[in-house]
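In what follows, a structure is listed as structure tokens, so that the remarks can point back to it.
The values are calculated or read from the model by the stated rules, or taken from the named source; none is laboratory data. No experiment lies behind these values; they were computed from the predicted model shown. Here the Cβ is made from the backbone with ideal geometry for all residues, glycine too, and neighbour counts use every protein chain on show. Side chains are part of the model used for accessible areas, which takes the heavy atoms of the whole protein and leaves out ligands, DNA and RNA. Shrake-Rupley method; radii C 1.70, N 1.55, O 1.52, S 1.80 Å.
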Amino acid sequence: MTTSRSRGARGGAGRYAPSPSGDLHLGNLRTAVLAWVLARSTDRRFVLRIEDIDRVRPGAAGRQLEDLARLGLDWDGEPLLQSTREAEHRAVVGRLTAAGLTYECYCTRREIQAAAGAPHGAPGVYPGTCRELSAAERSRRRRDRPPALRLRADVSSLTVADRWAGAVAGAVDDFVLLRNDGRPSYQLAVVLDDAHQGVDQVVRGDDLLPSTPRQAHLAGLLGLPEPEWAHVPLVLNPEGKRLAKRDGAVTLAELAAAGHGPAEVMGWIGLSLRLPGRVRTAQDVLAVFDEDVLPREPWLVDPSRWTGQPAGRTS
Ligand code: GLU
């Protein structure tokens with residue numbers, strides 16, 4: 001799919017990069033609309049990437065693209081299948097390893113959790129257990145378990161500037177580059193593929209904000225430009241938890257079956273973005289998009305009581 005709009009002054013691009021693990025729900029669709037409208041309203045290209053190096057459900061990627069098109073989003077070029085880039089991902093890890101910037105890690109998930117829960121550990125931060133293993137210890141451990149490969153990070157935190165969240169400080173640990181099945185990690189692939197696709201504006205759910213300092217650090221280490229970050233507050237259910245499939249009719253197909261077509265869903269998304277009037281199409285969103293009125297809080301919805309108005313409210 002192509003667009004007649006000109007490239008941004010710097011030839012940059014925004015993107016949407018779903019994992020094909022299932023159908024997109026209302027929260028995913030809202031993030032995609034925001035990524036699209038921010039790219040288009042700043043004269044950028046908009047590209048898609050199917051992040052199929054992890055959980056893949058057969059048929060999901062195709063349905064995700066159909067749903068984005070059904071909402072009227074368009075994109076430039078063919079969507080990139082992340083798995084086709086594995087050789088490049090591995091080549092970069094090879095270069096980091098040759099520079100002494102990686103090490104093998106034999107820890108199980110449980111061991112990492114236990115270490116992170118120890119008095120000086122921090123949740124979600126790898127404490128460096130395998131950083132200084134001797135060669136003898138490594139060959140002994142390799143017999144029990146294939147290693148993952150981690151970055152030997154020379155910083156422990158970094159502050160990134162988020163377009164909506166402001167300055168965000170976060171941990172940079174020795175994160176995984178190659179998993180112990182030999183495949184590239186999300187953190188590695190996302191940085192390399194954004195650069196490969198010319199992405200200079202990353203709009204995504206704010207559940208990924210804690211990963212952003214790691215990604216900014218890796219980009220800097222590899223001499224890649226750091227994109228602009230814009231993290232979108234998530235959509236929450238009435239219990240204040242992330243909206244999920246079990247919350248009711250939340251995908252376009254489920255909503256259509258309940259009598260709510262794409263134009264109506266776009267209207268709900270428009271209301272949640274505090275856009276004036278009643279939008280029905282992506283072009284309507286682009287025409288009235290106003291970044292200054294965007295809510296900075298999560299959108300609360302109750303899919304068990306869709307009424308044609310968003311049952312949730314922005315508060
Ligand atoms: N593939 C990730 C997801 O669907 C998003 C990655 C990103 O936007 O950086 O959650």
Next item on the list: Before rounding to the nearest 500, sum -39500 (n - 2.57) across all DSSP H runs of length at least 4 in the chain and divide by the residue total; then give [θ] at 222 nm in deg cm²/dmol.
Entry: -9500 deg cm²/dmol
Check: By how many degrees, between 0 and 90 and to the nearest 10, does the Cα long axis of helix 186-196 differ from the longest principal axis of the chain?
Finding: 70
Margin query: In whole Hz and in residue order, list the ³J(HN,Hα) couplings for region 59-66 that follow from phi through the Karplus curve 6.51 cos²θ - 1.76 cosθ + 1.60, θ = phi - 60°; x for Gly and Pro.
Written below: x, 5, 4, x, 5, 4, 5, 4
Check: How many Å² of accessible area per residue for the chain, probe 1.4 Å?
Finding: 46
Check: Using θ = phi - 60° and the Karplus curve 6.51 cos²θ - 1.76 cosθ + 1.60, what whole-Hz ³J(HN,Hα) does each residue of region 285-302 get, with Gly and Pro shown as x?
Finding: 4, 4, 5, 10, 4, 9, 4, 5, 9, 4, x, 9, 10, x, 9, 9, 10, 10
Notebook entry, point to check: Roughly to the nearest percent, how much of the accessible area of the chain is carbon and sulfur, given a 1.4 Å probe?
Noted result: 51
Margin query: Can you tell me which of Ser185, Ser156, Ser134 moves the most in a GNM of the chain? Springs connect C-alpha atoms under 10 Å apart.
Written below: Ser134
Notebook entry, point to check: For region 157-202, rounded, prolate or oblate, judged on the Cα gyration tensor with a ≥ b ≥ c (square roots of eigenvalues), a/c < 1.5 rounded, else prolate if a/b > b/c?
Noted result: oblate
Note to self: Among Val37, Val56, Gly14, whose Cα projects farthest towards the positive end of the dipole of the chain, with charges put on the beta-carbon of Lys, Arg (+1) and Asp, Glu (-1)?
What the structure shows: Val56
Next item on the list: Identify, among Val125, Tyr103, Ser139, the residue whose Cα sits farthest towards the positive end of the charge dipole of region 94-142, taking +1 on the Cβ of Lys and Arg and -1 on the Cβ of Asp and Glu, with the dipole about the Cα centre.
Entry: Ser139
Check: Size of the dipole of the chain about the Cα centre, Lys and Arg at +1 and Asp and Glu at -1 on the beta carbon, nothing else charged, in debye to 20?
Finding: 640
Notebook entry, point to check: So, by mean Cβ neighbours within 10 angstrom, what's the order for 41-48, 158-165 with the highest one leading?
Noted result: 41-48, 158-165
Item checked: J(HN,Hα) series, region 97-114, from Karplus relation 6.51 cos²θ - 1.76 cosθ + 1.60, nearest Hz, glycine and proline x -> 5, 4, 8, x, 9, 9, 8, 7, 10, 10, 5, 8, 4, 5, 4, 5, 4, 5
Next item on the list: Identify unpaired cysteines across the chain, taking unpaired to mean no other cysteine Cβ lies under 4.7 Å from the residue's Cβ.
Entry: Cys107
